[in-house]
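Worksheet for the structure shown next.
The values are calculated or read from the model by the stated rules, or taken from the named source; none is laboratory data. The shown structure was predicted, so the numbers you read here are calculated from the model rather than taken from an experiment. Cβ sites come from the backbone with ideal geometry, for glycine too, and all protein chains shown count toward neighbours. Just the protein is used for accessible areas: all its heavy atoms, side chains included, with ligands, DNA and RNA removed. Shrake-Rupley method; radii C 1.70, N 1.55, O 1.52, S 1.80 Å.
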Amino acid sequence: MLSDITIPSPTTLVHHKSKFPSLSNHKVGFFQVHLVEPLNTFMAKSMPSSVPPLQCGRSEEIDRRNPIFDPHKIDSKLVQEMAYDALVWSSLRGLLVGDRNSQNSGRVPGVGLVHAPISLLPTPFPESHWKQACEVAPIFNQLIDRVSLDGKFLQDSLSRTKKVDAFTSRLLDIHAKMLDDMKKEDICLGLHRSDYMLDEQTNSLLQIELNTISSSFPGLSCLVTELHRSLLHQFKQHLALDPGRIPQNNVVGQFAKALAEAWAVYNNPSAVVMVVVQAEERNMYDQHWLCTVLKERYHVRSIRKTLADIDAQGKLLRDGTLVVDGEPVAVVYFRAGYAPTDYPSESEWKARLLMEQSSAVKCPSISYHLAGTKKIQQELAKPNILERFLENKDDIEKVRKCFAGLWSLDDSNIIKDAIERPGSYVMKPQREGGGNNIYGDDLKLALERMEKAGNEENAAYILMQRIFPASYPAILVRDGISFKDNVISELGVFAVYLRNKNKVILNEHSGYLMRTKVSSSNEGGVAAGFAVLDSVYLV
């Protein structure tokens, strides 16, 4: 949990041990550093006898791409100095979130600020898998767009879920009304993020999920990338790491460009981009970065409204124009509306329907939202389903290669195996935002309970192969305190898609988010308090 922080001096910054247990069989890290212990002595101790010790020399002469050192072995004084400078950099450049302990931190900008939780050094990631994730991003964009156009597929695939999941049911009701009204979305905008883990046993890049609504951290992910580049430059005499191995990350610029293009296609110069936000949004600075770039680079104004605000202040004109608080809206950008808690009353559902009925560009539309659900992810993994939406055989193979095992809970053989081996699976509801998945003994008990009940509750969930990425030693910084732990990471690849009728205007990979968490944690959301922001170091 984030709390108020007074930035300590380099001499007083405490280097805390983690509260979490470490894995005993973690991988050796990819970082090269100058250690207190002589280099050859440490190498002889920590590397297999078949690997010759690295000769001492200037950092520029060291092969930066070889996995050599455990960052836990970095001189503690150097860690203190780096952490201090990282905190100063974050404070000055807006790598910030709201402090949960400050009452108004989610309501009033500039009140209750705290640095975003971060990894002190970037995380090693294979360049081949990085390129794979970037290459497949536009194909997933196209897939989501095609799926969104098949209303029958969405309704049929989610029909059983609708019976037992009230939230998904309400979304489907809105979608069905749009189908009945023959409402067409001529302008379709997607700001997506596909999340992956690298499975250690198979060395495969496997998709966790594809986010089509509220793909967070376009702003802060760019900042943490620049922070790591800055640290590697600043401490280059101590760290034999090449800042050029951290990929460029301009997702905030690409997202702003896509929003501006959609605004331009809508063709109402007096209209605004409306950001739909939660009433208390402690991740507001990530959102403000995007809106600031939108305004300064493209001269497009934005407004921030909750769903309740939109119900109270919104109306539809006869031509379909959405007007909120006197402002015509060209683009609706959802950073809320993805969880049942965002709809505490009928007011919020009325607002969602109002926006869907309007001519404004929705990011996402209701069909894009549904196309990103876990159940649709599982349906797309079935044999011959991708062929329904994609023609190119190479594209189909590239997408299918990213799929982990995905199953419906009406598969009795899989259920039996999951009960016997619960550690090999994860059970997922149709929810976003972290903290919702079921693991281990809890998964086993839930499956046994549902089998005994014999009702259709299982339709609200899917089963997914559990992915086991390699763990690495890392140094994390949270609440102004650095601590060591063994971690695993999840790569999120952003992509933008914009179509006007039959013309595709944008379809491209647009940046990335690396989230790192202690290896003992199942969940992975940064905003939910499980993970830290990180960047990629290509190896």
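At-a-glance table
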{"item": "Index of the failed condition, Glu60 passing every other in (1) modelled with pLDDT under 50; (2) assigned to a helix (DSSP H, G or I); (3) surrounded by 12 or more Cβ atoms within 10 Å (Cβ to Cβ)", "result": "(3)"}
{"item": "All positions within the stretch 214-245 that are aliphatic (A, V, I, L, M) and either open to solvent by 10 Å² or more (accessible area, probe 1.4 Å) or more than 12 Å from the chain's Cα centre (by Cα) (or both)", "result": "Leu223, Val224, Leu227, Leu231, Leu232, Leu239, Ala240, Leu241"}
{"item": "Test: residue in the stretch 260-273 that is outside any strand (DSSP E or B) and closer than 20 Å to Arg515 by Cα", "result": "no"}
{"item": "Residue satisfying all of: in the stretch 412-454; outside any loop (DSSP other than H, G, I, E, B) and among the basic types (Lys, Arg); nearest to Gly372 (Cα to Cα) among these", "result": "Lys428"}
{"item": "Filtered residues of the stretch 337-354 (kept if open to solvent by less than 20 Å² (accessible area, probe 1.4 Å) and either out of contact with any helix residue (DSSP H, G or I) (no Cβ under 7 Å at 6 or more places or on another chain) or part of a strand (DSSP E or B) (or both))", "result": "Ala339"}
{"item": "Near pairs, Cβ below 9 angstrom, 6+ apart or cross-chain, from the stretch 108-129 (polar (S, T, N, Q)) to any residue that is crowded, with 23+ Cβ neighbours inside 10 Å and outside any strand (DSSP E or B)", "result": "Ser119/Val224; Ser119/His228; Ser119/Ser535; Thr123/Phe30; Thr123/Ser535"}
{"item": "Subset of the stretch 447-468 (residues that are open to solvent by less than 60 Å² (accessible area, probe 1.4 Å) and under 18 Å from Thr168 (Cβ atoms))", "result": "Met450, Glu457, Asn458, Ala459, Ala460, Tyr461, Ile462, Leu463, Met464"}
{"item": "Residue count, the stretch 296-307 (criterion: among the charged types (D, E, K, R) and either within 20 Å of Leu322 (Cβ to Cβ) or surrounded by 18 or more Cβ atoms within 10 Å (Cβ to Cβ) (or both))", "result": "3"}
{"item": "Leading residue by the ranking (least open to solvent (accessible area, probe 1.4 Å)) among those in the stretch 255-295 that are among the basic types (Lys, Arg) and touching a Ser or Thr at 6+ places or on another chain (Cβ under 8 Å)", "result": "Arg282"}
{"item": "Some residue of the stretch 203-210 being more than 28 Å from Glu391 (Cβ to Cβ) and open to solvent by 50 Å² or more (accessible area, probe 1.4 Å)", "result": "yes"}
{"item": "Filtered residue count, the stretch 116-145, keeping only those that are crowded, with 16+ Cβ neighbours inside 10 Å and part of a helix (DSSP H, G or I)", "result": "15"}
{"item": "Selected residue (only one of Ser90, Ser105, Ser148 is assigned to a loop (DSSP other than H, G, I, E, B), in contact (Cβ under 8 Å) with a residue 40 or more places away in the chain, hydroxyl-bearing (Ser, Thr, Tyr) and in contact with a Leu (Cβ under 8 Å, 6 or more places away or on another chain))", "result": "Ser105"}
{"item": "Selection count, the stretch 398-421, where residues are out of contact with any Leu (no Cβ under 9 Å at 6 or more places or on another chain) and of a type in the set (A, V, I, L, M, F, W, C)", "result": "0"}
{"item": "Neighbours by Cβ (under 6 Å, 6+ apart or cross-chain): first from the stretch 418-433, closer than 14 Å to Ile376 by Cα and touching a residue at least 12 places away in the same chain (Cβ under 8 Å); second among the aliphatic types (A, V, I, L, M) and open to solvent by 40 Å² or more (accessible area, probe 1.4 Å)", "result": "none"}
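So that you can scan it fast, the table gives a plain yes or no per residue for (1) farther than 16 Å from Ser157 by Cβ; (2) open to solvent by 20 Å² or more (accessible area, probe 1.4 Å):
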residue	(1), (2)
Ala360	yes, no
Ala381	no, yes
Glu397	yes, yes
Arg421	yes, yes
Arg431	yes, yes
Gly435	yes, yes
